[in-house]
1. Within the range 66-73, identify whether any single residue is part of a helix (DSSP H, G or I) and either exposed (fewer than 14 other Cβ atoms within 10 Å of the Cβ) or not acidic (Asp, Glu) (or both), and answer yes or no.
2. What pairs can you find where one residue is in the range 91-106 and more than 13 Å from Gly25 (Cβ to Cβ) and at pLDDT 75 or above, the other is hydroxyl-bearing (Ser, Thr, Tyr) and surrounded by fewer than 15 Cβ atoms within 10 Å (Cβ to Cβ), and their Cβ atoms are less than 7 Å apart, with a gap of 6+ or different chains?
3. Since Thr99 meets every condition but one in (1) buried (at least 16 other Cβ atoms within 10 Å of the Cβ); (2) among the hydroxyl-bearing types (Ser, Thr, Tyr); (3) under 16 Å from Leu4 (Cβ atoms), which condition does it not meet?
4. Return a yes/no flag: does the range 16-33 have any residue that is of a type in the set (S, T, N, Q), assigned to a loop (DSSP other than H, G, I, E, B) and at pLDDT 90 or above.
5. Consider Ala42 carefully, then state whether it is small (Gly, Ala, Ser), more than 19 Å from Thr100 (Cα to Cα), part of a helix (DSSP H, G or I) and modelled with pLDDT under 55.
6. Which of the residues belonging to the range 74-93 are surrounded by fewer than 15 Cβ atoms within 10 Å (Cβ to Cβ) and in a helix (DSSP H, G or I)?
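The values are calculated or read from the model by the stated rules, or taken from the named source; none is laboratory data. Note that the structure is predicted; figures quoted are calculated from it, not measured. FYI the Cβ positions are ideal-geometry reconstructions off the backbone, even for glycines, and counts take in every protein chain you see.
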Amino acid sequence: MLSLDVEGAELSVLATIDFKRTHFGLIVVEDLFFETGPINKAQGTNAAEVLISHGYLQMAEEAHSRWLVHPHFYRVYRDAIPAEAWNQVPMLGRIRNATTSSSAAT
């Protein structure tokens with residue numbers, strides 16, 4: 001998991017990650033500066049768009065944060081997370097459904 005909250009420098013931090021070699025199951029990124037932050041606004045993009053371009057799937061947006069998962073999340077974590085949790089926790093169910101269909105397409 002990666003939690004990224006660096007007060008508007010999210011794109012600078014993401015630029016240092018080699019996404020061909022490094023994968024995170026879940027990324028929570030603050031997107032508070034999407035509309036008004038000078039760094040992101042000047043670059044004309046936001047952190048979620050960068051992550052989506054690397055194949056991550058946006059699952060939720062809450063309180064200025066976006067939650068994104070790697071497309072192989074379910075395949076990697078299905079045995080580590082109790083089976084009943086996949087059905088009882090709404091976010092896990094959405095992740096399972098999204099990453100299962102995403103993995104089948106790739």
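1. So the first thing to find is which residues in the range 66-73 are part of a helix (DSSP H, G or I), and the list is 73.
Now drop any that are not either exposed (fewer than 14 other Cβ atoms within 10 Å of the Cβ) or not acidic (Asp, Glu) (or both), which leaves 73.
Yes, the range 66-73 has at least one match.
2. The qualifying pairs do not exist here.
3. So the condition that Thr99 fails would be (3).
4. Step one: list which residues in the range 16-33 are of a type in the set (S, T, N, Q), which gives 16, 22.
Within this subset, residues satisfying the condition of being assigned to a loop (DSSP other than H, G, I, E, B) are 16, 22.
Next, from what is left, pick out any that are at pLDDT 90 or above: 16, 22.
For the range 16-33, residues of a type in the set (S, T, N, Q), assigned to a loop (DSSP other than H, G, I, E, B) and at pLDDT 90 or above: present.
5. Details: small (Gly, Ala, Ser): yes; more than 19 Å from Thr100 (Cα to Cα): yes; part of a helix (DSSP H, G or I): yes; modelled with pLDDT under 55: yes.
Taking the combined requirement at face value, the residue satisfies it.
6. The answer is Arg75, Val76, Ala83, Glu84, Ala85, Asn87, Gln88, Pro90, Met91, Gly93.
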